[in-house]
1. Just to confirm the filter: which trypsin sites (Lys or Arg not before Pro) across the stretch B:35-100 are DSSP coil and have at most 13 other Cβ within 10 angstrom of their Cβ?
2. Over all alpha-carbon pairs in chain B, figure out the percentage whose distance exceeds 23 Å.
3. P(r) for the stretch A:9-97, please, calculated from all Cα pair distances in 10 Å bins and given in %.
4. Suppose each label sits 7 Å from its Cα in the direction of the beta carbon; what would the residue A:42-residue A:30 distance come out to in nanometres?
5. Under a point spin-label approximation (7 Å from Cα along Cα-to-Cβ), what is the residue B:96-residue B:53 distance to one decimal in nm?
6. Between residue A:64 and residue A:121, with labels modelled 7 Å along Cα→Cβ, what's the label distance in nm to one decimal, could you check?
Amino acid sequence: MSVTRPSLGKYICGMVASLAIFLAGGWLILAPFALGYQSYGADWVSQTTNDFVVGICVAVVALIAFALFFFSLLGSLRAAGVIAARSRSQAVAALAATPSHAAAAPVATSNQSDLDRTLATLAQALAADLSARRQTGGDLQTNPLTEQNITNRRDA
Amino acid sequence: MRAGEVMRRLVPPASYVLVLFFLTGVWLTMSPFAMQTQSSGQRWTTSTINNVTLGGILMVVSLLGIVVYMGFALRDLMREAQAKQLAEQTARAEAASANS
């Protein structure tokens, strides 16, 4: 069975890029006032309006991109079983905190799932063995026929 | 794996957002000249320097994000294909040993 290794680099790279762009958007909003080409109280010049509008759009969309990359990362971790493993450990911790009567049922369910897994593996191995035996039996049945054909041809 | 699935994994929705940022960077770089707040041949004003610098940063960061993400995604796809081939070879070898 192949093991899926999650590669987190691509998501982290996307999240870092989104975060850097978010900071750039924040700077765009502040820049007209910080750099002094927009005086306080005066009407906004066209460059200030452009920077402000673009900065807000960039910051909002960067946050959305960050969320998209973050949820992709969560999905990858969930597919790899990391998040499920964590929730299982939390469940074990919760079981340790609860009384033994209440904990008996989930433990039995866990044991049952392990038993199911073992039985499924055993059934797969048996099926593979059975199919291999069938193939071997088929070969043995076909071989005498071919030998008989050869002898018939020789006789002819 | 189908070509559509490969493209979806190479270019996720978040990458389209990065493309949008690249276009925003292009606009930021050219906005002082497009909006005629910077006359050509004159010394650049503070706002022009700020916009051109930020536009360049946006373009570089978004392009880097897209390219690096695609590189990692391509590496993952190749690893998965290699693992699949290996599993198929192992299954064939097991079947051959079971037959013999």
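Since every read-out is calculated from the coordinates, none of them should be taken as a lab result. Small disclaimer: the values here were computed from a predicted structure and weren't measured. Ideal geometry is used to build each Cβ from the backbone, glycine not excepted, and the neighbour counts take in all protein chains shown.
1. Loop-located and lightly packed - B:43.
2. 54 percent
3. 17, 27, 20, 16, 11, 7, 1
4. According to this spin-label approximation, the distance is 2.2 nm.
5. My value for the distance between the label points is 6.5 nm.
6. Going from the residue A:64 label point to the residue A:121 one covers 4.7 nm.
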